[in-house]
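Chemist: Below is a structure I'd like to ask you about.
The values are calculated or read from the model by the stated rules, or taken from the named source; none is laboratory data. The shown structure was predicted, so the numbers you read here are calculated from the model rather than taken from an experiment. So basically every Cβ, Gly included, is an ideal-geometry build from the backbone, and we count neighbours across all protein chains shown. Just the protein is used for accessible areas: all its heavy atoms, side chains included, with ligands, DNA and RNA removed. Shrake-Rupley method; radii C 1.70, N 1.55, O 1.52, S 1.80 Å.
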Amino acid sequence: MRKLFGTDGVRGTANIHPMTAEMALRIGAAVGRYFRRDGSGAHRVVIGKDTRLSGYMFENALTAGLTSTGMNVLLLGPVPTPAVGLMTRSMRADLGVMISASHNPSEDNGIKFFGPDGFKLSDHAEMEIEALVEVGVEAAQAANIGRAKRIDDARFRYGERVKSSLPRNLGLNGLKVVIDCANGAAHRTAPEVLWELGAEVIPVGVTPDGLNINRGCGSTQPQVAAEAVVAHGAHVGICLDGDADRVIVIDETGTVADGDQLMALLATRWAEQGLLQGGALVATVMSNLGLERHLDAKGLGLERTAVGDRYVVERMREGGFNLGGEQSGHIVMSDYATTGDGLMAGLHFLAEMMQTGKKASALAHQFETVPQLLRNVRFQAGQLPLEDARVQEAIAAAETMLEGQGRLLIRKSGTEPLVRVMAESEDAEVMTLAVDSVVAAVETAVAD
């Protein structure tokens, strides 16, 4: 089992293991050696980051580790995560690195890796890198140390790629858009792209100071953006997270629509246009049962995976599907991108508004959701609450309670020390009782 890597790379609180400068240097050296196993000549890696204060520290530490093994480093500066996937492939790099903790608060940070094809690394590759981190690697000879330089046009390259995913000659003229960039990686790119396409742009969360990423804004806290939509009479709001790989939509009334509704819209429209490959959408076990029912009524399938957009992408590649994502707002359109791309998905929603002439509220509500209840329980490092007999008994009882009426999903978060307890049922009383009973058992286990 992987000890260092979670659902989406390595993540934790800055300056606390494993997110220390020393560990980042070791990880950089290990991944550098992993991608230089053939012993051939020059190799290159691109490194992007979001706007967290600790990003400077990790950027320097990773650069030191990578150059020590002979890797040449290209520093992209603050760019969205999908830009790293794109630039890894377009710049013929052996490796891409994104320094970000996504939607987490500013004190956290993380390191994500992309292979030369622009896709995130497999579990097997991460396990091999972990092994190299543990044993250490031999540094390159002095004459073979890598070089590092900054690339100034990364966000412009990315912006052009995002715009090119839209239908030719389609503009956003006459559309008033609130864009919330979560004080994160897309704080310059997203407003620029929208303005260049002709929209009237009302920016929110575009003044990063290193400490305010995701604070009171972005896809996980959309209240300010929703208020801005209503106050400015905007047609729509687009909310990104800190690294801009996820999106939620706010309609003209200030109502929030999650990734499930956006995926339902895109899957239906793509199927009508003959663009949906494999006749199905790929989503995780967290996606609402209402989405599954909606797709079934349209004659489309739903392929479910474990939580994490990289597992969605793996299933898409295995099965030949070109659309997938998560309820949280990771939308993967593999015809254009290698990972979730919040800005790109948001633009495709705006394109539907322009092409159909419909309001955001008409497009952002594709199906009736089945009620869901999600509660999180935090635990301490070293604790294994899901292995506690009392918790297992509570889970079994809750599953029996929901049998024939809904479903229960219990999992440990791959990005935070949380146990997530989710139930789905049209019987709200049974659903609440099931969740509360499991949460109580987990809290007892954690407290002991």
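Chemist: Sequence-distant or interchain residues sharing an amide H contact under 5 Å with residue 100, placed H: which?
Modeler: Result for residue 100 returns 110, 111, 112.
Chemist: Also, I was wondering about something else. Over the chain, what is the relative contact order in whole percent, taking alpha-carbon pairs under 8 Å and six or more residues apart?
Modeler: 13 percent
Chemist: Additional query: Kindly identify segment 273-338 as rounded, prolate or oblate by the Cα gyration tensor criterion: order the square roots of the eigenvalues as a ≥ b ≥ c, call it rounded if a/c is under 1.5, otherwise compare a/b with b/c, prolate if a/b is larger, else oblate.
Modeler: Note, shape of segment 273-338 comes out oblate.
Chemist: Here is a follow-up. Out of the DSSP beta bridges found with both residues in the chain, what percent are antiparallel (nearest 5)?
Modeler: If we restrict to bridges inside the chain, about 50 percent are antiparallel.
Chemist: Dividing the alpha-carbon Rg of the chain by 2.2 N^0.38 Å yields what?
Modeler: 0.98
Chemist: So what is the accessible area of segment 399-448 per residue, in Å², with the probe set to 1.4 Å?
Modeler: 46 Å²
Chemist: Shifting gears a bit: Rounding to the nearest 20 debye, state how big the charge dipole of the chain is about its Cα centre with +1 on each Lys and Arg Cβ and -1 on each Asp and Glu Cβ.
Modeler: 1580 debye
Chemist: Could you give me the ³J(HN,Hα) list for segment 211-223, computed from phi with Karplus coefficients 6.51, -1.76, 1.60 and θ = phi - 60°, whole Hz, x at Gly and Pro?
Modeler: 10, 9, 4, 6, 7, x, 7, x, 5, 8, 9, x, 4
Chemist: Within a Cβ distance under 13 Å of residue 245, other residues only, what is the Lys/Arg minus Asp/Glu net charge?
Modeler: Once positives and negatives cancel, what remains is -3.
Chemist: Taking the highest mean first, how do the peptides 173-179, 427-433 order by number of other beta carbon atoms within 10 angstrom per residue?
Modeler: For the peptides 173-179, 427-433, the packing ranking is 173-179, 427-433.
Chemist: Mean residue ellipticity at 222 nm from the helices of the chain, using -39,500 (n - 2.57) per DSSP H segment of n ≥ 4 over the full residue count, to the nearest 500 deg cm²/dmol?
Modeler: The helix-only estimate for the chain comes to -11500 deg cm²/dmol at 222 nm.
Chemist: Hey, what's segment 117-193 come to in accessible area per residue, 1.4 Å probe, Å²?
Modeler: 52 Å²
Chemist: Tell me which GluC sites (Glu not before Pro) from segment 122-201 have a DSSP coil assignment and no more than 11 other beta carbons within 10 Å of their own.
Modeler: Qualifying residues, ordered by number: 138.
Chemist: How charged is the neighbourhood of residue 229? Take every other residue with its Cβ under 14 Å from the Cβ of residue 229, and add Lys/Arg as +1 and Asp/Glu as -1.
Modeler: After counting each charged neighbour, the total is -3.
Chemist: One quarter of the convex hull surface, Cα atoms only: what value does that give for segment 73-177 in nm²?
Modeler: Orientation-averaged projected area of the Cα hull: 10.3 nm².
Chemist: Also, quick follow-up: Share of the chain's accessible area from carbon and sulfur, percent, 1.4 Å?
Modeler: Carbon and sulfur together cover 50 percent of it.
Chemist: Could you state the number of Å between the C-alpha centres of segment 325-387 and segment 49-79?
Modeler: 29 Å
Chemist: Taking a 1.4 Å probe, which of 272, 399 shows the most accessible area, and what order do the others take after it?
Modeler: Accessible-area ranking of 272, 399, largest first: 272, 399.
Chemist: Among 269, 147, 52, what's the order by accessible area (1.4 angstrom probe), most exposed first?
Modeler: 147, 269, 52
Chemist: Additional query: Could you quote the convex hull projected area for segment 18-121, Cα atoms only and averaged over all directions, in nm²?
Modeler: Taking a quarter of the hull surface, the average projection is 5.8 nm².
Chemist: Per residue, what accessible area does segment 2-115 have, given a 1.4 Å probe and all protein chains present, in Å²?
Modeler: Per residue, segment 2-115 has 32 Å² of solvent-accessible surface.
Chemist: Please compute, for the alpha-carbon atoms of segment 190-290, the extent along each of the three principal axes and give them in descending order in Å.
Modeler: 43, 31, 24
Chemist: Which of 275, 75, 262 moves the most in a Gaussian network model of the chain with Cα springs under 10 Å?
Modeler: 275
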